[in-house]
Amino acid sequence: MAPSGIPDIRRVRVDPTGAHFASAFELPVAGLPRLTSEQWVRASFEDIPRPLRELIRTGWSGVLGLRLGPRSSPRHVVGWRRTECRPDRVALEARAPSLTVRNVVTVEEARLLWATYVRYERRAGRTLWALAAPVHHLAVPLLLGRAVRRMG
């Protein structure tokens with residue numbers, strides 16, 4: 001456990017399974033409130049200050065060119081289309097002309113696994129994701145850690 005009292009969120013390897021890029025983060029959930037996978041995503045993406053949420057959405061749509069759906073739609077989470085939704089697993093997808101991004105969050109007995117898969121639709125997709133990946137690798141653990149802190 002980190003000094004902040006938040007369980008260590010660490011990067012783990014996942015099989016890209018048809019994607020050009022894959023990364024994942026693991027959060028131990030023992031001792032944390034039992035949330036569904038969608039509740040974890042909403043706590044991480046929606047239960048944040050509005051300026052931060054808008055900054056993230058601007059990066060998704062303005063930088064990556066992801067086409068986001070309506071925030072108020074029950075079939076979307078912060079504009080990402082739900083392509084799979086079970087209590088233990090939610091998959092969210094957003095597409096742009098140059099890439100498709102899929103976030104899959106799985107809640108198991110002892111851990112949460114947040115995996116991101118990127119498929120390059122055009123050559124520019126690789127370049128865009130190369131710019132976005134460092135921010136993504138900072139943002140996911142930060143947002144998960146913030147969600148955990150708010151639960152405490």
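Please treat every number below as a calculation from the coordinates, not as lab data. All of these numbers come straight from a predicted model, not from anything done at the bench. Don't worry about glycine lacking a Cβ; one is built from the backbone with ideal geometry, like all the others, and counts go over all protein chains shown.
Rounded to whole Hz and in sequence order, give me ³J(HN,Hα) for the range 93-103 from the Karplus expression 6.51 cos²θ - 1.76 cosθ + 1.60, θ = phi - 60°, writing x for Gly and Pro.
With the stated coefficients, the range 93-103 comes to 9, 9, 10, 9, x, 9, 7, 10, 10, 10, 9 Hz.
Once the Cβ-Cβ distance between Glu121 and Arg10 is put in as r, and R0 is 25 Å, what FRET efficiency do you end up with, to the nearest 0.05?
Working: r = 30 Å, r/R0 = 1.21.
With R0 = 25 Å, the Cβ-Cβ based efficiency is 0.25.
Note the direction-averaged projected area, equal to a quarter of the hull surface, for the Cα convex hull of the range 94-152, in nm².
4.7
Once both axes come from the Cα atoms, what is the angle between helix 123-151 and the longest principal axis of the chain, in degrees from 0 to 90, rounded to 10?
Roughly 20 degrees, rounded to the nearest 10.
Could I have the simple spin-label model distance between Leu142 and Thr17, label points 7 Å from Cα toward Cβ, reported in nm to one decimal?
2.9
For Arg95 paired with Leu55, estimate the spin-label separation in nm (one decimal), with each label point 7 Å from Cα along the Cα-to-Cβ line.
So the label points at Arg95 and Leu55 sit 3.1 nm apart.
Could you give the length gained on full extension between Glu108 and Ser73, defined as 0.36 nm per residue of separation minus the Cα-Cα distance, in nm?
9.9 nm
Rounded to whole Hz and in sequence order, give me ³J(HN,Hα) for the range 79-85 from the Karplus expression 6.51 cos²θ - 1.76 cosθ + 1.60, θ = phi - 60°, writing x for Gly and Pro.
Working through the residues one at a time gives x, 7, 6, 6, 9, 8, 8 Hz.
Could you list which residues have their amide H under 5 Å from that of His76, counting only those 5 or more apart in sequence or on another chain, with H placed in the peptide plane?
Hits under the 5 Å cutoff: Arg82.
Contour minus end-to-end for Arg34 and Val63, with contour as 0.36 nm per residue of separation and end-to-end as the Cα-Cα distance?
Details: separation 29, 0.36 × 29 = 10.44 nm, distance 3.43 nm.
Extending this stretch completely gives an extra 7.0 nm.
Taking amide H positions as placed in the peptide plane 1.01 Å from N, state which residues far from Ile6 in sequence (5 or more) or on other chains have amide H under 5 Å from it.
none
With springs only between Cα atoms under 10 Å, which of Arg89, Arg11, Arg71 fluctuates most in a Gaussian network model of the chain?
Arg71
Using only helices, what value at 222 nm comes out for the chain when you add -39,500 (n - 2.57) per DSSP H run of length 4 or more and divide by the total residues, to the nearest 500 deg cm²/dmol?
Helix contribution divided over all residues of the chain: -10000 deg cm²/dmol.
Using each residue's phi in the range 108-114, evaluate 6.51 cos²θ - 1.76 cosθ + 1.60 at θ = phi - 60° and report the 3J(HN,Hα) Karplus result to the nearest Hz, with x for Gly and Pro.
Ordered by residue, 3J(HN,Hα) equals 10, 4, 10, 8, 10, 10, 10 Hz.
On alpha carbon coordinates alone, what is the Rg over Rh value for the range 46-152, Rh being the Kirkwood radius?
Values: Rg = 13.9 Å, Rh = 14.6 Å.
On the Cα set of the range 46-152, Rg over Rh gives 0.95.
Please report the net charge: other residues with Cβ closer than 15 Å to the Cβ of Ser73, K and R +1, D and E -1.
+4
Could you pull out every residue, at least 5 positions away or on a different chain, whose amide H is within less than 5 Å of the one on Arg67? Hs are placed 1.01 Å off N in the peptide plane, and Pro or chain starts have none.
Answer set, sorted by chain and number: Arg95, Ala96.
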